[in-house]
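Reading through the structure tokens given below for one structure.
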Amino acid sequence: MNQDGIVIARRQADDICLNYGQRLFKDRFELTGSLKFAHADYKFTPGGVVGNAAQMGPTQPVFDTASSTGYYEWPGGIQSPDNPIAILALGTDRGDQRPEHRERARPVQCPILEGLRLNVNLGYDQSRADRESFSPSVMHSEQKSGYSASSHAATTSRRPGTGDLPHYTAPTGVVPGNVDVTAGYSYQKSTGSTRSSTSGA
């Protein structure tokens, strides 16, 4: 799958999914499972493109052959807007989502006694995402701020899990009224890290 953004951006994703199912013990026990692997590459729009496009004078040129970058930059110091086309051409903001792994093991309808049913659904997901952005020294935003370059990076990972334990519905007449009990659990672990660096001119 390829998706293009309204502003220059792109998402490319690949997914593979495998499913498995089998009935055992005269259909009293069913085992199902699935594996999913997903990978996605992202080309994000660098920060500041939309805001600078709104501020940049519509009568100003986009290109300037006398400029070292080939793009026109509006003079006026730190308050002057940046050329949004130059930001798209010179800046980078990319992301990568590592293969996502999912497993499901679900034995169902395994009656041990009347009214008791084992409907166990175990799930485990693992995903990791990295994102990096870089602004080189030739960009107008770096020059007017007195920086020679800046970079930012972030990494996040997530590991959630879920499960359903035995389900019990009391047969009619065993106890007064209706009794329906289900137990379950879930958990999630997330970690993240960021780093940034800026060098002066």
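Listing for the model above:
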quantity: Asn2 paired with Thr156, simple spin-label distance in nm, labels 7 Å along Cα-to-beta-carbon; calculated: 2.8
quantity: Å² per residue, accessible surface of the range 1-88 at 1.4 Å; calculated: 68
quantity: Approximate spin-label separation Phe37-Gln22, in nm, with each point projected 7 Å along Cα-to-Cβ; calculated: 2.2
quantity: Other-chain or far-sequence residues with amide H under 5 Å of Gln126's (modelled H); calculated: His101
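The values are calculated or read from the model by the stated rules, or taken from the named source; none is laboratory data. Keep in mind the model is a prediction, meaning the values are calculated, not measured. Cβ coordinates were reconstructed from backbone atoms using ideal geometry, including for glycine residues, and neighbour counts include every protein chain displayed. Please note that ligands, DNA and RNA were not included when accessible areas were found on the heavy atoms of the full protein model with its side chains. Shrake-Rupley method; radii C 1.70, N 1.55, O 1.52, S 1.80 Å.
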